[in-house]
Amino acid sequence: MQSFDVVVVGAGAAGMMCAIEAGKRGRSVLVVDHAKAAGEKIRISGGGRCNFTNINANPTNFISTNPRFAKGPLRRYPAKAFVALVDSYGIAWHEKTLGQLFCDETAKDIIAMLLAEMKAAKVQLRLATAVAGVTKTATGFDLALPGGAVSCASLVVATGGKSIPKMGATGWGYEIAAQFGLPLVETRPALVPLTFEVGALEKLKPLAGVAVDAVVACGKTRFTEAMLFTHRGLSGPAILQISSYWREGQEITLSMAPSVDLMAAMKLAKTTRGRQAVATVLADHIPKRLAQMVAEDEGALGNIADLPDKVLTRVDAAVNRWTVKPVGSEGYRTAEVTLGGVDTESLDPGTMQARDVSGLYFIGEVVDVTGWLGGYNFQWAWSSGWCAGQAV
Ligand code: FDA
């Protein structure tokens, strides 16, 4: 039986980072993945340009039963460490917005960098390789692979979450956690477009393609980002962000001209441009199509000077305090990430090793640490992978 110091299951962001670090420490490392190519989610991320980190990443940007868990890994391998690696390969990048760093050219540059680092660290990579089973031995683990069993002292589970099954996402990591008695935090799709009941959808359909900068709130959580009307409902960064906090039955509140005192603007317009329609006045602050729909919905037609303030109050509320109740989300099919996963209580944040199963490690998205939209999830993958790489 072939023997390795370390076997990493999952050649995604976290798995490759862990393998590189372990290989650099002189460990013999095998990475297996059932996909035909490594880093497939990196390839499609950030619209093909990979939002590879966020320079402001800190534990407050993560959702977890224990958000403090991410603190140590993020401190030990911060965003600037990954940026230094990217720079050492001469990969050009830019900050798009809110600390989000993207490749200038293509996400493939990040994959090529990781593969080059793995090669330099003498890491073996076996693609199109599914693990049929794992058993614990006195010295580590045996893995049943198509070409024959392999043994290892350290087994690293880096199989990601359930998002986008079409790309090879499986619940394998959760099954291994359950096999070894680790508790799981219930999973659910996150960073995902929300859906609405058919009637509401019909009403919103004419707005498909309209984008606004909005404040979107659910309970006490709020995000200020772009929002997009689509044929299927609402999407865009603001909606994806709030989807991670929204739960069935809850309403979300949207402010589509958050920096404008619309009521004051409309009252002023009554005296200074009274012959104009409300939609025309609104169009100074929100897209024209949206302005027209709001004015029609609220019966705010005719000259603005002729409309009572109570109608304008309704218009103001429709734009800046619009409350909607999603019926669901598009689910794992389109979700960027998976909330929940292996309970952090069962892992050591210094090493990512299971507290009660020596030699078993969980890193990346399979762990109950989920970042906001904006490069945080890759940073978690790099940081947690790096920590495990120092320990295996
Ligand atoms: P990841 O999913 O990357 O890798 C897991 C690997 O395990 C895969 O290669 C898979 O094939 C393999 N695997 C799964 N089950 C297996 C099994 N049973 N046997 C063998 N192998 C198995 N984040 C961010 O920070 N910035 C961004 O720009 C984006 N953009 C983005 C776009 C889209 C469309 C998606 C879906 C997601 C993002 N993300 C993102 C999220 C980010 O991609 C995600 O959080 C990381 O890839 C997680 O890294 P992991 O290594 O944990 O899992």
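The values are calculated or read from the model by the stated rules, or taken from the named source; none is laboratory data. Treat the numbers as computed from the prediction; the structure is a model and nothing was measured. Here Cβ is always computed from backbone atoms with ideal geometry, including for glycine, and neighbour counts include all displayed protein chains. Areas reflect the complete protein model, heavy atoms only, side chains present, ligands, DNA and RNA absent. Shrake-Rupley method; radii C 1.70, N 1.55, O 1.52, S 1.80 Å.
Put +1 on the Cβ of each Lys and Arg and -1 on the Cβ of each Asp and Glu in the chain; which of CYS103, VAL315, SER244 then has its Cα farthest toward the positive end of the dipole?
Final value for the positive-end residue is CYS103.
Sort 342-354, 302-314, 171-183 by packing, meaning the average of other beta carbons within 10 Å per residue, with the highest value first.
342-354, 171-183, 302-314
Calculate the dipole size of segment 126-273 relative to its Cα centre from +1 charges on Lys and Arg beta carbons and -1 charges on Asp and Glu beta carbons; express the result in debye to the nearest 20.
Computed about the Cα centre, the dipole is about 380 debye.
Please give, to one decimal in nm, the separation of the simple spin-label points placed at ASN303 and GLU248, each 7 Å out from Cα toward the Cβ.
Result for the modelled spin labels: 5.3 nm.
Cα gyration tensor of segment 1-113, axes a ≥ b ≥ c as square roots of the eigenvalues: rounded (a/c below 1.5), prolate (a/b > b/c) or oblate?
oblate
Which listed residue (VAL366, VAL32, SER64) has the Cα farthest towards the positive end of the charge dipole for the chain, taking +1 on Lys and Arg C-beta and -1 on Asp and Glu C-beta about the Cα centre?
Most positive-ward Cα: VAL32.
Heavy-atom accessible area per residue, the chain, 1.4 Å probe: how many Å²?
About 43 Å² of surface per residue is accessible.
For segment 262-322, give the percent of accessible area contributed by carbon and sulfur heavy atoms, probe 1.4 Å, rounded to a whole number.
Here it works out to 51 percent.
Give me the extension gain from LYS80 to GLU175: residue separation times 0.36 nm, minus the current Cα-Cα distance, reported in nm with one decimal.
30.8 nm
For a quick protection proxy, order the peptides 154-161, 282-289, 82-89 by their average other-Cβ count within 10 Å, most packed first.
So the order, starting with the most tightly packed, is 154-161, 282-289, 82-89.
Can you give the translational diffusion coefficient of segment 210-322 in µm²/s, computed by Stokes-Einstein from the Kirkwood radius over Cα pairs at 37 °C and 0.692 mPa s?
225 µm²/s
Using 1/(1 + (r/R0)^6) with R0 = 25 angstrom and r between the beta carbons of LYS136 and GLN2, what's the FRET efficiency to the nearest 0.05?
Efficiency at R0 = 25 Å is approximately 0.90.
Could you list which residues have their amide H under 5 Å from that of TRP93, counting only those 5 or more apart in sequence or on another chain, with H placed in the peptide plane?
ASP104
For the chain, give the magnitude of the charge dipole about the Cα centre (Cβ charges: +1 Lys/Arg, -1 Asp/Glu; no others), in debye to the nearest 20.
340 debye
Quickly rank 316-322, 374-380, 48-54 as a protection proxy: mean count of other C-beta atoms within 10 Å, highest first.
By packing density, highest mean first, the sequence is 374-380, 48-54, 316-322.
Evaluate 2.2 N^0.38 Å with N set to the residue count of segment 262-322, then give the Cα radius of gyration divided by it.
After normalising by residue count via 2.2 N^0.38 Å, the value is 0.93.
Suppose R0 equals 56 Å. What FRET efficiency, 1/(1 + (r/R0)^6) with r the Cβ-Cβ distance, do LYS220 and LEU268 give to the nearest 0.05?
0.95
Sequence-distant or interchain residues sharing an amide H contact under 5 Å with ARG126, placed H: which?
HN-HN under 5 Å from ARG126: VAL31, VAL32, ASP33.
Pull up the cross-link candidates among the lysines for LYS267, meaning alpha carbon to alpha carbon under 16 Å and not fewer than 8 places away within one chain.
Cα-Cα hits under 16 Å: LYS310.
Compute the normalised compactness of the chain: alpha-carbon radius of gyration over 2.2 N^0.38 Å, N being the residue count.
Compactness ratio reported: 1.15.
With charges only on Cβ, +1 for K and R and -1 for D and E, what is the dipole size of segment 262-322 about its Cα centre, in debye, rounded to 20?
140 debye
Answer rounded, prolate or oblate for segment 186-227, using the Cα gyration tensor with square roots of eigenvalues a ≥ b ≥ c: rounded when a/c is under 1.5, else prolate when a/b is larger than b/c, else oblate.
Oblate is the answer for segment 186-227, as a/c is 1.5 or above yet b/c matches or exceeds a/b.
Exceeding 25 Å between C-alpha atoms, which entries from my cross-link table qualify? They are LYS24/LYS80; LYS71/LYS166; LYS36/LYS71; LYS220/LYS288; LYS108/LYS166; LYS205/LYS288.
Violating the 25 Å Cα-Cα cut-off are LYS71/LYS166; LYS36/LYS71; LYS220/LYS288.
Only helical DSSP H runs with n ≥ 4 go in: add -39500 (n - 2.57) per run for the chain, normalise by residue count and round the 222 nm mean residue ellipticity to 500 deg cm²/dmol.
About -9000 deg cm²/dmol.
Compare the Cα positions of VAL157, PRO189, ILE286 along the charge dipole of the chain (+1 at Cβ of Lys, Arg; -1 at Cβ of Asp, Glu; about the Cα centre) and return the one farthest towards the positive end.
ILE286
I'd like the distance separating the alpha-carbon centroids of segment 1-67 and segment 239-287, in whole Å.
Here the answer is 42 Å between Cα centres.
Of THR195, THR139, THR271, which is the most mobile in a GNM of the chain whose springs link Cα atoms less than 10 angstrom apart?
Between THR195, THR139, THR271, it is THR271 that shows the largest mean-square fluctuation.
For segment 364-379, in order, what is each residue's ³J(HN,Hα) by Karplus, 6.51 cos²θ - 1.76 cosθ + 1.60 with θ = phi - 60°, in whole Hz (x at glycine and Pro)?
Taking θ as phi minus 60°, the curve returns x, 5, 5, 8, 6, 9, 10, x, 5, 5, x, x, 5, 5, 5, 4 Hz for segment 364-379.
Taking 0.36 nm per residue of separation and subtracting the Cα-Cα distance, what length does fully extending GLN390 through ALA144 add?
86.0 nm
Treat each spin label as a single point 7 Å out from the Cα along the C-beta direction, and report the LYS325 to LYS119 distance in nm.
Rounded to a tenth, the inter-label distance reads 5.7 nm.
Could you please report the charge total around GLU197, scoring K, R as +1 and D, E as -1 over all other residues with beta-carbon less than 11 angstrom from its beta-carbon?
Around GLU197, the charge tally is +1.
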